[in-house]
Amino acid sequence: NAGVMQNPRHLVRRRGQEARLRCSPMKGHSHVYWYRQLPEEGLKFMVYLQKENIIDESGMPKERFSAEFPKEGPSILRIQQVVRGDSAAYFCASSQGAMTYEQYFGPGTRLTVT
Amino acid sequence: GESVGLHLPTLSVQEGDNSIINCAYSNSASDYFIWYKQESGKGPQFIIDIRSNMDKRQGQRVTVLLNKTVKHLSLQIAATQPGDSAVYFCAENTGTASKLTFGTGTRLQVTL
């Protein structure tokens, strides 16, 4: 049973470009969460999605950031017009259900904005 | 601000000794707590969890203690091994919320 998969593992973008981060949840999991981690800090919640629905986006910046989890395919976190402050590790987690608290994390995507 | 925080940013222990990592939380509505281990360059790995109706839970070499009176959580690792070297995070969930709130982490260094 494959775990949570994220790609790419490392992504370098110049300021102003777009970044697309992908997450495939564990088999049988339909709930996906995105977190951001700055160096030497804890993870900060960004958004919680179920298939085709955004359930909680209270941690998402109002501009430039968007997320989706289509009926088919991976969840996508999209950052438009990246700035240096977007440089961070972005982690995806999945869970089996809304009331299943245990979240399993992927290896993360490390975004560097030059 | 953060609702979950840690007392010590770095903990150094000798191999074979027991480790205790502490965490304070401020949200009295939190009813589920988790400890994660994060090795360099990897995602957080689930270690152990505890619900608010318990005050102690044991796993393999690890024990989590919950003191709701003072809003304090601890992770005890018995017979610490070099492979335990990592950053440890506590996280909380309020049950009705979908997100986890993480503390800032404690780096555990195991010396030989």
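A few points about this structure:
- Residue in region B:71-93 that is of a type outside the set (A, V, I, L, M), out of contact with any Gly (no Cβ under 9 Å at 6 or more places or on another chain) and within 14 Å of another protein chain (Cβ to nearest Cβ) present: yes
- If you go through region B:95-112 and pick out every residue that is in a strand (DSSP E or B) and facing another protein chain (nearest Cβ under 10 Å), you end up with 3.
- Residues in region A:1-60 that are modelled with pLDDT under 95, of a type in the set (Gly, Ala, Ser) and over 18 Å from A:SER87 (Cβ atoms): A:ALA2, A:GLY3, A:GLY28, A:SER30, A:SER58.
- B:LYS68 being modelled with pLDDT under 95 and either away from chain A (no Cβ under 14 Å) or within 11 Å of the chain's Cα centre (by Cα) (or both): yes
- For beta carbons closer than 8 Å, sequence separation of 6+ or different chains, a first residue in region A:41-57 that is more than 17 Å from A:PHE105 (Cβ to Cβ) and a second that is open to solvent by 60 Å² or more (accessible area, probe 1.4 Å), the qualifying pairs are A:LYS51/A:LYS71; A:GLU52/A:LYS71; A:ILE54/A:GLU68; A:ASP56/B:LYS99.
- Scanning region A:42-60 for residues that are open to solvent by 80 Å² or more (accessible area, probe 1.4 Å), within 12 Å of the chain's Cα centre (by Cα) and within 10 Å of another protein chain (Cβ to nearest Cβ) yields a total of 1.
- Residue in region A:63-75 that is surrounded by fewer than 19 Cβ atoms within 10 Å (Cβ to Cβ), touching a Ser or Thr at 6+ places or on another chain (Cβ under 9 Å) and facing chain B (nearest Cβ under 9 Å) present: no
- Any hit, region A:93-107, residues being under 14 Å from the mean Cα position of the chain (by Cα), surrounded by fewer than 15 Cβ atoms within 10 Å (Cβ to Cβ), within 21 Å of B:SER98 (Cβ to Cβ) and touching a residue at least 24 places away in the same chain (Cβ under 8 Å): no
The values are calculated or read from the model by the stated rules, or taken from the named source; none is laboratory data. Quick caveat, the model's predicted, so the values are computed rather than measured. Note that each Cβ is placed from the backbone with ideal geometry, even for glycine, and that neighbours are counted across all protein chains shown. Surface accessibility is based on the protein's heavy atoms, side chains included, excluding ligands, DNA and RNA. Shrake-Rupley method; radii C 1.70, N 1.55, O 1.52, S 1.80 Å.
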